[in-house]
4 protein chains.
Amino acid sequence: MPLTEEQQREIAEGAAAQRPTRRPTVAALEDILHAALPVLDHGFLRVIDYMGDDGAIVQAARVSYGRGTRRVSEDAGLIRYLMRHRHTTPFEMCEIKFHVKLPIFVARQWIRHRMASVNEISARYSVLDREFYLPAPQHLAAQSELNRQGRGRSLEGQEAAEVLALLRQDAERNYRHYQDMLNEDEAGQRRDPARAGLARELARMNLTLNVYTQWYWKTDLHNLFHFLSLRADAHAQYEIRAYAEVMLDVVKRWVPLAHAAFADYRLGGVSLSAGGLAVVRRLLAGEAVTPADSGLSMREWRELMAVLGRVKEPG
Amino acid sequence: MPLTEEQQREIAEGAAAQRPTRRPTVAALEDILHAALPVLDHGFLRVIDYMGDDGAIVQAARVSYGRGTRRVSEDAGLIRYLMRHRHTTPFEMCEIKFHVKLPIFVARQWIRHRMASVNEISARYSVLDREFYLPAPQHLAAQSELNRQGRGRSLEGQEAAEVLALLRQDAERNYRHYQDMLNEDEAGQRRDPARAGLARELARMNLTLNVYTQWYWKTDLHNLFHFLSLRADAHAQYEIRAYAEVMLDVVKRWVPLAHAAFADYRLGGVSLSAGGLAVVRRLLAGEAVTPADSGLSMREWRELMAVLGRVKEPG
Amino acid sequence: MPLTEEQQREIAEGAAAQRPTRRPTVAALEDILHAALPVLDHGFLRVIDYMGDDGAIVQAARVSYGRGTRRVSEDAGLIRYLMRHRHTTPFEMCEIKFHVKLPIFVARQWIRHRMASVNEISARYSVLDREFYLPAPQHLAAQSELNRQGRGRSLEGQEAAEVLALLRQDAERNYRHYQDMLNEDEAGQRRDPARAGLARELARMNLTLNVYTQWYWKTDLHNLFHFLSLRADAHAQYEIRAYAEVMLDVVKRWVPLAHAAFADYRLGGVSLSAGGLAVVRRLLAGEAVTPADSGLSMREWRELMAVLGRVKEPG
Amino acid sequence: MPLTEEQQREIAEGAAAQRPTRRPTVAALEDILHAALPVLDHGFLRVIDYMGDDGAIVQAARVSYGRGTRRVSEDAGLIRYLMRHRHTTPFEMCEIKFHVKLPIFVARQWIRHRMASVNEISARYSVLDREFYLPAPQHLAAQSELNRQGRGRSLEGQEAAEVLALLRQDAERNYRHYQDMLNEDEAGQRRDPARAGLARELARMNLTLNVYTQWYWKTDLHNLFHFLSLRADAHAQYEIRAYAEVMLDVVKRWVPLAHAAFADYRLGGVSLSAGGLAVVRRLLAGEAVTPADSGLSMREWRELMAVLGRVKEPG
């Protein structure tokens, strides 16, 4: 996670300065504000700014429901109620801003979440840094044989070594040629005075998708929860999940009540279809239900049995 | 601007508490944080929370443009550049949250701005307060004779008095009947034990559109500027413009550099069509251009001449 | 459901004209295109235009998953898979446009759905029609005693008669005074030449919230499903649910496979929290679980038992 | 622009089928529906579906303004009025869906436009095709010396040849290694039975940013105009502008009146700041204005003089 000197200085300055405010503050989040939390081999996640806390969710909900919510007097209970009944707008009242360094192929998944604000480093203006992601051995996984989008076991022995070598060599070579085409040295000076140098916006096309980029990414808590429900999920690609898991820790510091409700209702919760619910009710009534008379497809049956803990989840 | 006791206590508490933060702060905005800024006869606007400052805009822009922006070293110049070239994403990096009390017919215009988060008091849960907007005499305007959506001069004498009396009497009577149908007294107790009382969600339909509602409204600076460019404009209805003008003052305290750029490029700026620009170029070249040979419609010609200060703006 | 002559002509013309297209078409939806489907006492819903069909959802999903989806060869199965796993983007590939006439208090709930395009009749430009919603006797409900936002039984006898009379008289009187203030007759001519007439944008504030408005409303199928999951739900206010139910019928004609999946997974489905799922697993294992050792609050316990069909849903 | 056999069959089928509809149709757009319009060396743009026409814009505007718009009786005049006064919602009533094949680095710029629906081929599920963008000689441009994000003259001679060779060799090698790591042949069969094959979601990281991807992209006309105002602009990178220019032709076929208004007011129009407008007024009044007494910065002065045709645009 190499930080530039400028970034290190910015982080140190941000962490040092303390100013008074009349806004809600969250001490546990202030503690890690500005700090670069490491992710993957060269990436990081930094909390740059935030707005609101658990109390801001409650405050907004009480405006909506007015005097009607006096009975649900406890904050935790109200937040659980909002999460359970998908009353999502109070969660929009909290906002957070991250500075993230991440591989381009991860950025391509991430950017699909549209309800957020983004400022990414532009490779039209700037020369990207020479840093690219290489999976650790335990993450160098084979294609799953059961699941078109999943991973199987880790590659081993010579195959693992060869794959890693190819990834490294190709990324390094392509970066070197990127510099050659730019005709720029590290300091941004022209290397060969006889060459014009290819435009940055063109030269970048030679880079590989594991090169790191950086951005500021700002969203509200409702949309962050949606992001996390997809990206902290076991079906998400490991590399973006690594970021999501660090973000989950951040959310736990920031809004512990909302985090607990989210963990219970979303991360740990399940959805049942009308057909699936009917099966559960029959089972609870002591009926013996078979796949054939369940009204479910075999695939849905297996998924339901896995959810109910009766079999392992299908691969 | 009657505030409930609970609101007054909340405001006093919010204004009193000071906590340390490592986030950017804006002293001029902290000074008015939580305070209820009066608008119209019973409305208000309160800044509840904010994220970012002029520096946050610059910070995001410098991430995007990287080393490329070193030359535009001065913040004000960079912010003006962003505004001039409609590089809007850095302005999304600032966020603000308002508590607003406003008449329902104003809320109906306001809510059309979709890129914002809203929690409004729900008249399904709560009984709305007995407060409604009545225009001050100078705002009791006649329909414009020139413009289908505009106002003309103020009503005068007996007509003004009669209109105001109708507005007041109808709002009062409808609110009284709203209470009658609810069968609730001020303390929320049943008045007549023999009556069930109409459901709140139904009784509210008897209220007039000038009854006040309240909401929390949160948006980013880019979308706030869009709101203000439409609602602080001379063509906006006076009642929503009254809120927009108070918000403009808030923005000036919060992000003075961005406010100045917005005032110059958006509020005070104009757009010329290709045809309009061609006319300006011909005029500057000393040509005598007539409406007939301008290539513009009469309406566009009049609007252009008004913009260029050659005639008064058409009604 | 009084339609203006102009609207009747437009509907007749739209229904009569047939043109060839190379786009996907849906015969069952074409059959009701343009027709005014009645809702409430004076409202309607018209399908004005649409884009896509069940096949368009499948087409988009197959682009995403490429060769990987060949195994899920059947369209219905693929659409069910997308719905079950909340792969929502393919549903965004279908779009529909409605013309709706609805009471203002319903419009105020409806407009909260932000991911849609809206053009509403403007009461700054136009004089609204003299039509307002009055509940049918069976919908004139008392406030629920159990639920802050719900309805109880219907009002009866004299109370019902008095409430209905108040609603009607107040709406009529306020509309009449609206016309008086405007100083306009039905044909838009000045009634009293000695009066200027209040501006339309002001006079409208005297109208009650049950006056009808109209708009064009356009959204995609994913966002329409979100709307319907909230507004066709038993907890939605009856008046907006009346529109949602007509829309459900429209969706069934338009995209029958997607409609069936939505009915099974969303409308008829339920969500269980991690805690709720643990209780279900213990019950299935034959354990006797009590509220006290369930780990759930009493409220959550009652909601869960209702979902599982063990008790009636709490009020 | 190699199309797969499946795509060619789909295009042929789509173009052949004609069905009757009661929706608005646009003959000039139907003529090119489904056809693959070539862009760059291997890319294309296909119109897959559309909703609405110029009449749909007018229809929505007339609902908004009601009887008030009878005077602006002509459609072209009304559409020009909407565009001039930035009444944008009626333009949202038209929708279009494209199938696009484009290099990944172009897709990364494109996806920044958030108000659209996207289904992209997933390299987690599918193996990407072996196709990558190589600039034609006239587009192999040097970095601009004046502008941090611009292009200068084309590279020439040996430098051009070397750059092109590097781009080609690196893309080819990286794709070959991508296949090696996957351990799959063209038919998707395992090549070396002794190797497991790297997961697709990992192997893709070895690809270069000029590899082609594909997506379905659907947006409304308002947001499409916003896209085109930025991407058909002279400051946009050539490669995305190539797509924008083909889209402009499509828009001209689809909604010729809206296209003409857009060309006049947006593409060919300019914005003046308050300060810039003041200078124009002084010049028109015959004053001699110098940069020093203009109140503008030198940069703004030069940009204004370029707009007014008094000097060439600054680089």
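The values are calculated or read from the model by the stated rules, or taken from the named source; none is laboratory data. Computed from a prediction, not measured in an experiment: that's the story for all the values here. With ideal geometry, Cβ positions are generated from the backbone for all residues, glycine too; neighbour counts draw on all protein chains shown.
What do you reckon, is B:Ile48 more than 22 Å from A:Arg46 (Cβ to Cβ), touching a residue at least 12 places away in the same chain (Cβ under 8 Å), crowded, with 16+ Cβ neighbours inside 10 Å and in contact with a strand residue (DSSP E or B) (Cβ under 8 Å, 6 or more places away or on another chain)? Yes. Scanning region B:251-276 for residues that are of a type in the set (A, V, I, L, M) and away from chain D (no Cβ under 12 Å) gives B:Val251, B:Val255, B:Leu257, B:Ala258. Only one entry of C:Ile57, C:Ile11 meets the criterion of being modelled with pLDDT of 95 or more, assigned by TED's automatic domain parsing to the domain that holds C:Ala258 and among the β-branched types (Val, Ile, Thr), and that entry is C:Ile57.
Within region D:121-133, the presence of a residue that is crowded, with 19+ Cβ neighbours inside 10 Å, facing another protein chain (nearest Cβ under 9 Å) and within 16 Å of the chain's Cα centre (by Cα) is excluded. When region A:159-185 is filtered for residues that are at the interface with chain D (Cβ under 8 Å from one of its Cβ atoms) and under 23 Å from D:Leu164 (Cα atoms), the ones remaining, listed by number, are A:Leu166, A:Leu167, A:Asp170, A:Ala171, A:Arg173, A:Asn174, A:His177, A:Asp180, A:Met181, A:Leu182.
Among residues of region A:205-230 that are under 17 Å from A:Phe105 (Cα atoms) and facing chain D (nearest Cβ under 8 Å), those with a beta-carbon under 8 Å from a residue that is in a strand (DSSP E or B) and of a type in the set (Ser, Thr, Tyr) at least six positions away or on a different chain give the pairs A:Met205/D:Thr208; A:Asn206/D:Thr208; A:Leu207/D:Thr208; A:Thr208/D:Thr208; A:Leu209/D:Thr208.
Can you find a residue that is among the charged types (D, E, K, R), in contact (Cβ under 8 Å) with a residue 12 or more places away in the chain and buried (at least 21 other Cβ atoms within 10 Å of the Cβ) anywhere in region A:238-255? Checked against the condition, which is being among the charged types (D, E, K, R), in contact (Cβ under 8 Å) with a residue 12 or more places away in the chain and buried (at least 21 other Cβ atoms within 10 Å of the Cβ), region A:238-255 yields at least one hit. Taking the criterion of being away from chain D (no Cβ under 13 Å) and either of a type in the set (D, E, K, R) or buried (at least 22 other Cβ atoms within 10 Å of the Cβ) (or both), would at least one residue in region B:277-294 satisfy it? Checked against the condition, which is being away from chain D (no Cβ under 13 Å) and either of a type in the set (D, E, K, R) or buried (at least 22 other Cβ atoms within 10 Å of the Cβ) (or both), region B:277-294 yields at least one hit. Could you tell me whether region D:105-116 includes any residue that is more than 7 Å from chain C (Cβ to nearest Cβ), over 26 Å from D:His235 (Cα atoms) and of a type outside the set (A, V, I, L, M)? No, every residue in region D:105-116 fails to be more than 7 Å from chain C (Cβ to nearest Cβ), over 26 Å from D:His235 (Cα atoms) and of a type outside the set (A, V, I, L, M). Just one of D:Ala56, D:Ala17 is without any contact (Cβ under 8 Å) to a residue 24 or more places away in the chain and closer than 23 Å to C:Trp254 by Cα; which is it? Selected residue: D:Ala17, the only one of D:Ala56, D:Ala17 that is without any contact (Cβ under 8 Å) to a residue 24 or more places away in the chain and closer than 23 Å to C:Trp254 by Cα. One residue stands out among those in region A:1-17 that are more than 27 Å from A:Phe132 (Cβ to Cβ) and surrounded by 13 or more Cβ atoms within 10 Å (Cβ to Cβ): the one that is farthest from the chain's Cα centre (by Cα), which is A:Ala17.
Looking across region D:262-300 at every residue that is among the acidic types (Asp, Glu) and not assigned by TED's automatic domain parsing to the domain that holds D:His222, the one that is nearest to the chain's Cα centre (by Cα) is identified as D:Glu300. Within region B:134-143, the set of residues being more than 7 Å from every other protein chain (Cβ to nearest Cβ) and small (Gly, Ala, Ser) comprises B:Ala136 only.
The residue that is surrounded by the fewest Cβ atoms within 10 Å (Cβ to Cβ), counting only those in region A:186-204 that are hydrophobic (A, V, I, L, M, F, W, C) and within 7 Å of chain D (Cβ to nearest Cβ), is A:Ala196. The residues of region A:231-244 that are within 13 Å of chain D (Cβ to nearest Cβ) and among the charged types (D, E, K, R), listed by number, are A:Glu239, A:Arg241.
Table: residues versus (1) modelled with pLDDT under 95; (2) within 20 Å of D:Asn206 (Cα to Cα); (3) surrounded by fewer than 20 Cβ atoms within 10 Å (Cβ to Cβ).
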position: D:Pro135; (1), (2), (3): no, no, no
position: D:Glu145; (1), (2), (3): yes, no, yes
position: D:Gly152; (1), (2), (3): yes, no, yes
position: D:Gly157; (1), (2), (3): yes, no, yes
position: D:Ala165; (1), (2), (3): no, yes, yes
position: D:Asp170; (1), (2), (3): no, yes, no
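Before we move on, is D:Arg84 in contact with a helix residue (DSSP H, G or I) (Cβ under 7 Å, 6 or more places away or on another chain), over 25 Å from C:Val47 (Cα atoms) and basic (Lys, Arg)? In short, yes.
Inside region A:1-38, residues that are of a type in the set (Gly, Ala, Ser) and within 10 Å of B:Arg23 (Cα to Cα) make up a count of 3.
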